[in-house]
1. Hey, Tyr210 hits all of (1) within 23 Å of Arg196 (Cα to Cα); (2) under 29 Å from the mean Cα position of the chain (by Cα); (3) of a type outside the set (Asp, Glu); (4) at pLDDT below 90 but one; which does it fall short on?
2. Hey, can you tell me all the residues within segment 8-48 that are assigned to a helix (DSSP H, G or I), over 26 Å from Ala200 (Cα atoms) and open to solvent by less than 50 Å² (accessible area, probe 1.4 Å)?
3. Out of contact with any Ser or Thr (no Cβ under 8 Å at 6 or more places or on another chain), free of Cβ contacts under 8 Å to residues at least 12 places away in the same chain and either assigned to a helix (DSSP H, G or I) or under 24 Å from Met92 (Cβ atoms) (or both): which single residue out of Ala200, Ala238, Ala211 fits that description?
4. If you scan segment 109-126, which residues turn out to be over 8 Å from the mean Cα position of the chain (by Cα), closer than 18 Å to Met86 by Cβ and part of a strand (DSSP E or B)?
5. Out of Ala127, Ala98, Ala107, I need the residue that is free of Cβ contacts under 8 Å to residues at least 60 places away in the same chain and of a type in the set (Gly, Ala, Ser). Which one?
6. Search segment 55-81 for residues being small (Gly, Ala, Ser) and either outside any strand (DSSP E or B) or without any contact (Cβ under 8 Å) to a residue 40 or more places away in the chain (or both), and hand back the single one that is surrounded by the most Cβ atoms within 10 Å (Cβ to Cβ).
7. Only one of these conditions is not met by Phe126: (1) touching an Asp or Glu at 6+ places or on another chain (Cβ under 9 Å); (2) under 20 Å from Gln176 (Cβ atoms); (3) open to solvent by 20 Å² or more (accessible area, probe 1.4 Å). Which number is it?
8. Answer yes if at least one residue in segment 129-143 is in contact with a strand residue (DSSP E or B) (Cβ under 7 Å, 6 or more places away or on another chain), under 30 Å from Gly237 (Cβ atoms) and buried (at least 19 other Cβ atoms within 10 Å of the Cβ), and no otherwise.
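The values are calculated or read from the model by the stated rules, or taken from the named source; none is laboratory data. This is a predicted model, so every value here is computed, not measured. Because the Cβ atoms are built from the backbone with ideal geometry, glycine has one as well, and the counts that use them run over all protein chains shown. Accessible surface areas use protein heavy atoms only, side chains included; no ligands, DNA or RNA. Shrake-Rupley method; radii C 1.70, N 1.55, O 1.52, S 1.80 Å.
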Amino acid sequence: MPALTSTRDGDVVTITLTAPERRNPLSTSTLRELGSALDEAAASDALAVVLASTGSVWSTGHDLKEMSTLDETSLRELFTTCTRVMRTIETMPQPVVARVHALATAAGCQLVASCDLAVAGASARFATPGGKGGLFCHTPMVAVARNVGRKRALEMALSGDEIDAETAADWGLVNQVVPDDELDGAVAELVRRVTRGSRASKALGKQTLYAQMDLTMDQAYDMAIDVMARNAATGDGAEGIAAFAEKRPPRFAR
């Protein structure tokens with residue numbers, strides 16, 4: 001059985017983890033399915049992608065039963081595959097929104113952190129529980145720490161304790177928290193707001209933002225100046241400026 005589904009409604013692709021009886025683990029095969037679904041969405045003309053799941057747990061992260069059967073080479077392949085999926089979210093042109101209704105742990109928490117945006121229901125919780133056992137959540141913390149900062153990341157990683165949705169929002173892991181029965185509406189409204197305007201300019205903007213965040217300040221400004229000048233001189237960037245100056249609606253390329 002497939003571990004996920006990918007459906008399209010209008011301009012939005014929704015990828016849903018569908019193994020609730022196993023708590024939606026991110027096994028090697030599931031990660032490959034997820035990577036393929038993301039690649040397919042990235043190559044489409046969709047304007048946004050929503051990542052969701054079914055059941056009482058959003059995702060428990062890596063499948064520990066699978067991991068117990070793997071040697072170091074196979075484990076390295078698993079973590080490399082997972083990293084490739086997380087980086088695909090970062091580099092694909094569409095904004096990717098996590099719809100989190102329940103517990104997201106370890107690599108499941110990493111997946112939320114890797115999404116561009118996240119909306120959580122009030123019942124959602126988050127944890128990187130490796131600190132409670134023998135395997136520290138090394139790879140999940142790459143994404144989580146870049147969302148919540150060093151000291152909060154270390155608290156999550158070393159304690160392994162869950163944080164609730166409100167704390168996750170306060171720490172920057174998710175954008176907003178809403179009552180559980182308002183989650184779908186809140187996700188749809190956020191998608192609507194972040195897909196207005198030029199698709200091409202947003203794609204360039206998202207990819208440039210991620211690229212410059214790992215640079216020095218001077219390098220980041222050099223990159224941003226170059227990209228912004230080119231975008232303002234051509235394509236939808238130039239069209240947006242011209243439309244404003246001419247007091248008319250812009251005609252963006254699709």
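1. (4)
2. Result: Thr28, Thr30, Leu31.
3. Ala238
4. Here is the first cut: in segment 109-126, the residues over 8 Å from the mean Cα position of the chain (by Cα) are 109-110, 119-126.
So of that shortlist, the ones also closer than 18 Å to Met86 by Cβ come out as 109-110, 126.
Hit for segment 109-126 is Phe126, nothing else.
5. None of the other options fit; the residue is Ala127.
6. Gly55
7. Phe126 satisfies every listed condition except (3).
8. Looking for residues that are in contact with a strand residue (DSSP E or B) (Cβ under 7 Å, 6 or more places away or on another chain), under 30 Å from Gly237 (Cβ atoms) and buried (at least 19 other Cβ atoms within 10 Å of the Cβ), one finds none in segment 129-143, hence no.
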